[in-house]
Amino acid sequence: MQLGVRALAPTPNMKNKKLIRFVQSLILLPITTSGLQVGNLAMPVSTADTTQVREIVFMQRQKEQAASPEAVARKAKADAIDAYFKAHEMPLVGTGEKMVDEADKNDLDWRLIPAISVRESTGGKHDCQKVDNNPFGWGSCKIGFKSVDVAIETIARNLGGNNPVTARHYDNKTTLQILNAYNPPSIVPKYAPQVLAIMKSIGAEDLGTPMDMVPA
């Protein structure tokens, strides 16, 4: 059977597949609006192709970041928090990732915020009654928040010494010193040891961190 020129012409689907395979074989691509520049090779592409290439590169970079040791450690910690909340049927299950992210931003032990919530409200079971979204007892239960996420952000920022109003209490302090400032032994005896015990039950401080990244 004789094939005409139309039958031999590559279809758009074939073209897209070839483009995707080409991009996936590259690690980084400097992309311009007129084409791809790989070394001294210029590959002219259409606007639609350029958009597709950008999307592929973006997805590749996301996968690389997701597989980084830091990302693996963060996920392990978030999962440990949520597993603890779930095992004890606590309403704050699902907030593990937020707690880990905010602890990381404010240079806090990743277990501190969830442990405080357990000590103060049994992980959200017994929130402050007169205000909303305060499972941490913050402000002697006189301060409410728009959401639990906002509460987590606020607690982490303050305990990390990043609120100028409260920095004198928490800046450059160890976890024990932070807890003693949060609830002094003269007011709540054994508060710090109780929270520290909860932290240990949630997981190890270096959970998920590769051994070559753990300080000697």
Original post:
Does Ser68 count as among the hydroxyl-bearing types (Ser, Thr, Tyr), over 18 Å from Ile178 (Cβ atoms) and at pLDDT below 95?
Top reply: yes
Original post:
Residues in region 193-205: is at least one of a type in the set (Asp, Glu), under 17 Å from Pro114 (Cα atoms) and either open to solvent by 40 Å² or more (accessible area, probe 1.4 Å) or free of Cβ contacts under 8 Å to residues at least 24 places away in the same chain (or both)?
Top reply: yes
**OP:** Looking only at region 84-98, count how many residues are touching a helix residue (DSSP H, G or I) at 6+ places or on another chain (Cβ under 8 Å) and part of a helix (DSSP H, G or I).
**Re:** 5
Original post:
Only one of (1) assigned to a helix (DSSP H, G or I); (2) open to solvent by 10 Å² or more (accessible area, probe 1.4 Å); (3) closer than 17 Å to Lys77 by Cβ; (4) among the hydroxyl-bearing types (Ser, Thr, Tyr) fails for Thr209. Which number is that?
Top reply: (1)
**OP:** Tally the residues that are touching a residue at least 12 places away in the same chain (Cβ under 8 Å) and open to solvent by 50 Å² or more (accessible area, probe 1.4 Å), restricting the search to region 123-140.
**Re:** 4
**OP:** Could you please tell me which pairs satisfy a Cβ distance under 6 Å, a separation of 6+ or placement on different chains, a first residue in region 173-186 that is under 15 Å from Phe136 (Cβ atoms), and a second residue that is open to solvent by 50 Å² or more (accessible area, probe 1.4 Å)?
**Re:** Ala181/His169
Original post:
Within region 147-162, is there a residue that is without any contact (Cβ under 8 Å) to a residue 12 or more places away in the chain and under 25 Å from the mean Cα position of the chain (by Cα)?
Top reply: no
Original post:
Identify, please: which residue in region 77-109 is touching a residue at least 60 places away in the same chain (Cβ under 8 Å) and surrounded by 24 or more Cβ atoms within 10 Å (Cβ to Cβ) and is, among those, farthest from the chain's Cα centre (by Cα)?
Top reply: Ile81
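The values are calculated or read from the model by the stated rules, or taken from the named source; none is laboratory data. Keep in mind that what you see is a predicted model, and the values were worked out from it rather than measured. Cβ coordinates were reconstructed from backbone atoms using ideal geometry, including for glycine residues, and neighbour counts include every protein chain displayed. The protein model used for the area step is the full one, side chains on, heavy atoms only, and it has no ligands, DNA or RNA in it. Shrake-Rupley method; radii C 1.70, N 1.55, O 1.52, S 1.80 Å.
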